[in-house]
There are 2 protein chains.
Amino acid sequence: MSMSVDGFIAGPNAAPGNGLGDEGHRLHEWVLPDADADRRKDLDHLTGASREIMDEAMATEAVVVGRRTFELAGGWGGDHHDGVPIFVLSRRRPDPELEWPGVTYVSDVTTATNLARNAAGGKDVLVHGARTARLALAAGVLDELRIHLIPVLLGRGERLFDDMPPHHIELELLHAADEPGVTHLRYRVRTEN
Amino acid sequence: MSMSVDGFIAGPNAAPGNGLGDEGHRLHEWVLPDADADRRKDLDHLTGASREIMDEAMATEAVVVGRRTFELAGGWGGDHHDGVPIFVLSRRRPDPELEWPGVTYVSDVTTATNLARNAAGGKDVLVHGARTARLALAAGVLDELRIHLIPVLLGRGERLFDDMPPHHIELELLHAADEPGVTHLRYRVRTEN
């Protein structure tokens with residue numbers, strides 16, 4: 001997740017066609033320096049840790065995503081990357097326009113994560129969307145948290161961490177790397193057992 | 001400021017005798033590993049970047065602090081460190097129990113900062129308290145932001161960044177350092193002029 005220092009992962013008023021919210025593009029400049037290139041999947045301009053991190057994301061073998069994020073992105077046309085299976089977290093029936101063979105709608109985060117893990121055959125699963133990440137954290141099914149900290153105070157928008165359970169979740173910093181315009185932080189989520 | 005990954009700088013229910021809020025001590029373990037030593041000023045156990053950062057804080061020549069933080073800390077007995085002048089931001093009259101020769105009550109953040117800068121004679125000024133930091137940021141009188149990012153999701157408490165102005169404030173990462181249990185981030189606040 002690309003997050004501002006004040007904790008936002010999108011600007012306000014996110015809607016189809018404005019998927020990152022007002023001025024939310026600022027948080028993604030490290031990946032998408034060209035404001036017109038929101039759909040671009042070409043990552044050739046990235047170097048160093050930023051490149052490694054995007055390569056790792058693109059090497060995941062399944063995606064779990066919240067319905068809102070999925071809809072805002074137009075379902076990525078059914079293909080997030082390399083045609084890997086996509087599990088959409090939603091209690092509502094699918095929109096027929098957002099159904100593809102590789103897309104499965106699932107009503108709870110634990111089931112979605114288990115299905116994705118099986119589909120990934122032991123490889124990593126990418127979790128997409130702030131609310132879904134929070135649900136996965138609360139359910140204890142998130143192994144790692146990767147935050148791309150952007151040196152800006154956005155002031156408003158959607159927070160990554162909001163309405164969290166009122167108890168500590170301990171993290172362990174696995175890796176940190178500074179790149180131009182972004183500090184990459186990789187945390188392991190510590191579980192009790 | 002010691003801040004959790006989810007943006008809190010204190011637990012809930014901060015009050016005199018519970019100055020860091022419920023479980024807020026977790027955020028300060030890198031400085032105060034012993035929970036009974038809240039008042040301890042002995043920093044001999046710190047090493048590396050953590051030691052440098054605390055040494056820099058203790059080398060500041062004036063302190064600007066919000067009244068609430070000042071009161072929660074019992075006014076540090078009038079001496080935050082080395083007897084440097086303390087400027088307390090408050091519109092209300094001083095509590096007689098919290099007046100000392102080196103303590104000045106000031107009603108607005110720009111005046112407080114200017115007085116502190118003059119008192120510091122060109123050396124750094126320490127700004128204390130989340131609300132005061134936000135006011136100083138909004139007024140454009142904060143040069144740097146130092147965040148000690150603690151690998152925990154606190155889930156509740158007082159946020160460092162809340163009710164911020166609804167416009168971007170660009171930062172520049174000057175320095176980052178990982179130490180056991182804390183990632184130190186030092187940002188310059190970019191101003192328009």
If we hang a label 7 Å off Cα along the beta carbon direction at A:Asp163, how far is it from the matching labels on the other copies, in nm, shortest first?
2.3
So the pair-distance distribution of the protein assembly as shown, from every Cα-Cα distance in 20 Å bins, comes to percents of 26, 54, 19, 2
Once the dipole of region B:120-193 is set up from charges on Cβ (+1 Lys and Arg, -1 Asp and Glu), the residue from the list B:Leu171, B:Val141, B:Thr191 lying farthest towards its positive end is B:Val141
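Enter the accessible area per residue of the protein assembly as shown (Å², integer; probe 1.4 Å; all protein chains in place). Working shown, then result.
On the way: 18750 Å² over 386 residues.
So the protein assembly as shown comes to 49 Å² accessible per residue, rounded to a whole number.
Rounded to the nearest 20 debye, what is the charge dipole size of the protein assembly as shown about its Cα centre when +1 sits on each Lys and Arg Cβ and -1 on each Asp and Glu Cβ? If you can, show how the numbers build up before the last one.
On the way: 40 positive and 62 negative charges, 183 e Å.
The dipole magnitude comes to about 880 debye.
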Using a 10 Å cut-off on Cβ to Cβ distances, tally the other chain neighbours for every residue of B:172-183 and report the average as a whole number.
3
In cubic angstrom, how much convex hull volume per residue do the alpha carbon atoms of region B:107-193 span?
131
For labels at A:His167 and B:Ala177 in the simple 7 Å Cα→Cβ model, what's the distance in nm?
3.6
For region A:13-136: span of alpha carbons on each principal axis (Å, largest first):
35, 34, 26
Would you mind working out the magnitude of the charge dipole of region B:151-190 relative to its Cα centre, with +1 at each Lys and Arg C-beta and -1 at each Asp and Glu C-beta, to the nearest 20 Debye?
40
Within region B:1-107, trypsin sites (Lys or Arg not before Pro) in DSSP loop having at most 16 other beta-carbon neighbours inside 10 Å:
B:Arg39, B:Arg40, B:Lys41, B:Arg91, B:Arg92
Once the dipole of region B:1-104 is set up from charges on Cβ (+1 Lys and Arg, -1 Asp and Glu), the residue from the list B:Trp30, B:Asn18, B:Met58 lying farthest towards its positive end is B:Asn18
Output, in nm with one decimal and in ascending order, the distances from the B:Pro94 label point to the matching label points of the other copies (7 Å from Cα along Cα-to-Cβ).
7.0
Hydrophobic long helices for chain A, i.e. whole DSSP H runs reaching 24 angstrom or more by Cα along the axis with Kyte-Doolittle mean at least 1.6, come out as none
Could you work out how much longer the chain between A:Asn18 and A:Arg91 gets when fully extended? Use 0.36 nm per residue separation minus the Cα distance between them, nm to one decimal.
23.9 nm
Across the identical copies, how the B:Asp44 labels are spaced - nm, sorted shortest first, 7 Å along Cα→Cβ:
6.1
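The values are calculated or read from the model by the stated rules, or taken from the named source; none is laboratory data. All values reported here derive from a predicted model rather than from experimental measurement. We place every Cβ from the backbone using ideal geometry, glycine too, and count neighbours over all the protein chains shown. Just so you know, the surface numbers come from the protein's heavy atoms only, side chains and all, with ligands and any DNA or RNA stripped out. Shrake-Rupley method; radii C 1.70, N 1.55, O 1.52, S 1.80 Å.
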